[in-house]
């Protein structure tokens with residue numbers, strides 16, 4: 001059984017009997033997050049791109065938990081220099097781990113980290129993650145616009161659950177996310193990357209209506225979990 005927890009924004013925890021995974025752990029400073037970052041236990045941290053609202057607490061959590069960080073090569077190299085234990089990957093690449101399989105897929109976005117003092121550090125291409133755990137495939141799209149590659153991802157994979165941004169302005173909005181559902185053909189969808197700030201305010205029920213008949217939408221309040229069996 002897989003437990004999936006939505007922390008808010010794009011931060012998602014995935015727990016199986018074998019591993020605790022955290023994706024895009026923007027916790028401290030996230031107005032939707034209820035948990036204290038120091039209380040979270042994690043084995044693997046996956047980071048889709050280098051923006052601060054996705055890298056978030058990666059460095060702190062990775063060092064506290066001796067967790068492995070998986071990210072695109074340039075971002076992984078940057079986090080390695082910060083003292084994290086990393087496994088670099090890149091788009092199109094997949095790897096089998098003891099606890100499951102991860103493949104990196106394209107995302108249309110930017111990726112740079114702004115350090116204290118305003119220095120901008122290039123962190124490579126953004127990505128999405130396909131995670132195969134206990135026979136289930138979960139797609140975390142990261143921050144992305146709509147892309148034709150989603151049709152290929154949907155054709156080559158049976159996606160049990162897709163985590164798709166709907167906030168608009170920086171990523172897909174509800175209309176484009178609905179088109180992504182048509183291409184991906186996931187069994188379930190969880191909307192992410194919305195209502196963190198006014199600029200990405202959306203009504204997830206409206207998105208659910210747009211994809212009615214195509215898939216099941218699970219709207220998870222921040223801090224709540226669902227089970228994928």
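Values in this text are rule-based calculations from the coordinates and carry no lab data. A quick note: this is a predicted structure, and the numbers were derived from the prediction, not measured. Counting neighbours? That spans all protein chains shown, and the Cβs are built from the backbone with ideal geometry, glycine included.
For residue 149 and residue 34, the FRET efficiency from 1/(1 + (r/R0)^6), where r spans their Cβ atoms and R0 equals 30 Å, is about 0.30. Region 136-178 and region 56-123 have their alpha-carbon centroids 20 Å apart.
Sorted on the mean count of surrounding Cβ atoms within 10 Å across their residues, most packed first, peptides 65-77, 108-120, 43-55 read 43-55, 65-77, 108-120.
Per DSSP H run of at least 4 residues, take -39500 (n - 2.57); add these up for the chain, divide by its residues and hand me the 222 nm value, nearest 500 deg cm²/dmol. Intermediate values should be presented prior to the final figure.
Working: 6 runs with 47 residues, N = 229.
Calculated from helices alone, the mean residue ellipticity at 222 nm is -5500 deg cm²/dmol.
On a 0 to 90° scale, report how tilted helix 174-184 is relative to the longest principal axis of the chain, with both axes built from alpha carbons and the result rounded to the nearest 10. Computed tilt is about 90 degrees. Mark the label point 7 Å from the Cα of residue 17 along Cα→Cβ and return the residues of region 129-144 whose backbone N is within less than 14 Å of it. Taking a point 7 Å out along Cα→Cβ of residue 17, the residues of region 129-144 whose backbone N falls under 14 Å are 134-135.
Per-residue extension of 0.36 nm, minus the Cα-Cα distance of residue 203 and residue 94, leaves a gain of 35.8 nm for this segment.
Work out how much length residue 210 to residue 66 would gain on full extension: take 0.36 nm times their residue separation and subtract the Cα-Cα distance, in nm to one decimal. Don't jump to the answer; show the numbers that get you there.
Working: separation 144, 0.36 × 144 = 51.84 nm, distance 4.20 nm.
Once the chain is fully extended between residue 210 and residue 66, it gains 47.6 nm.
Out of all DSSP beta bridges in the chain, what portion is antiparallel? Express it as a percent rounded to 5. Before the final figure, lay out each step's value.
On the way: 31 of 51 bridges.
In the chain, DSSP labels about 60 percent of beta bridges as antiparallel.
Working from label points 7 Å from Cα in the Cα-to-Cβ sense, the residue 85 to residue 169 distance is 3.9 nm.
Can you classify region 66-202 as rounded, prolate or oblate using the Cα gyration tensor, where a ≥ b ≥ c are the square roots of its eigenvalues, rounded means a/c under 1.5, and otherwise it's prolate if a/b beats b/c and oblate if not? It comes out oblate by the Cα gyration axes. Going by the alpha-carbon gyration tensor, a ≥ b ≥ c the square roots of its eigenvalues, is region 1-113 rounded (a/c under 1.5) or, if a/c is not under 1.5, prolate (a/b greater than b/c) versus oblate? Since a/c stays below 1.5, the shape of region 1-113 is classed as rounded. Of the labelled figures (i) 18.1; (ii) 20.3; (iii) 17.3, only one reflects Kirkwood radius over Cα pairs in Å as derived from the coordinates, namely (iii).
With the cut-off at 1.5 for a/c, could you classify region 167-229 from its C-alpha gyration tensor as rounded, prolate or oblate? Because a/c hits 1.5 or more and a/b fails to exceed b/c, region 167-229 counts as oblate.
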